[in-house]
Amino acid sequence: MRPPFLYELGLKKALVSLFKRINLKATFFFYNDISEHIIIPSKEHEQAVYRIVQELLNNALKHSQASNVTIKLFQKDDHLYLTYADNGIGMEFASLNYSYNTLGLSGIITKIQSLEGKFRLNQNLTRAYI
């Protein structure tokens with residue numbers, strides 16, 4: 001289901017609105033960098049990017065205990081890149097299984113894979129490209 005405001009505002013303005021709402025609740029410093037010159041291939045990509053960012057920020061609010069969170073969205077070559085980083089408590093990688101059933105990762109990975117994108121998770125940075 002596509003949020004109506006995403007259709008009305010476009011991705012960048014919808015993300016800025018989300019960021020304002022997050023800043024009202026956040027106990028962390030939130031930095032974002034959304035490139036002015038990104039081309040979203042389809043409405044499905046636009047919705048997926050919005051939902052992924054929303055899930056990452058909700059996880060940061062609920063679980064990370066971070067004091068700094070950074071999200072960047074930019075285009076390089078023919079790919080759209082989304083990076084997320086925080087200085088929170090992290091997660092125990094050994095406890096992750098291949099179904100990624102923790103912290104909403106399952107939904108994030110499914111969205112990325114449905115768009116034939118790639119997902120990488122490490123201790124310092126989570127990166128996806130579509």
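Tabulated values for the structure
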{"read-out": "Ranked list, fewest to most other Cβ atoms within 10 Å of each Cβ, for Glu55, Glu36, Glu44", "value": "Glu36, Glu44, Glu55"}
{"read-out": "For the range 4-129: rounded, prolate or oblate by the Cα gyration tensor [a/c cutoff 1.5]", "value": "oblate"}
{"read-out": "Potential lengthening between Ser42 and His79 on full extension [0.36 nm per residue; Cα-Cα distance subtracted]", "value": "12.0 nm"}
{"read-out": "FRET efficiency, 1/(1 + (r/R0)^6) with R0 22 Å, evaluated for Leu121 and Asn87 via beta carbons", "value": "0.90"}
{"read-out": "Residues of type aspartates and glutamates that Lys62 reaches as a straight line, Cα spacing below 19 Å, ignoring anything fewer than 8 places off in the same chain", "value": "Asp86, Glu92"}
{"read-out": "Ranked packing of 81-91, 4-14, most packed first, by mean Cβ within 10 Å", "value": "81-91, 4-14"}
{"read-out": "Selection from Gln47, Pro4, Tyr81, by position along the positive dipole direction of the range 4-129 (Cβ)", "value": "Pro4"}
{"read-out": "Estimated distance in nm for a label pair at Thr27 and Leu61, the labels positioned 7 Å out from Cα along Cα-to-Cβ", "value": "1.4 nm"}
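Bear in mind that the values in this text are calculations on the coordinates, not laboratory data. Everything numeric in this text was worked out from a predicted model, so none of it was measured. Neighbour counts are summed over all protein chains in view; Cβ atoms, including those assigned to glycine, are modelled from backbone coordinates with ideal geometry.
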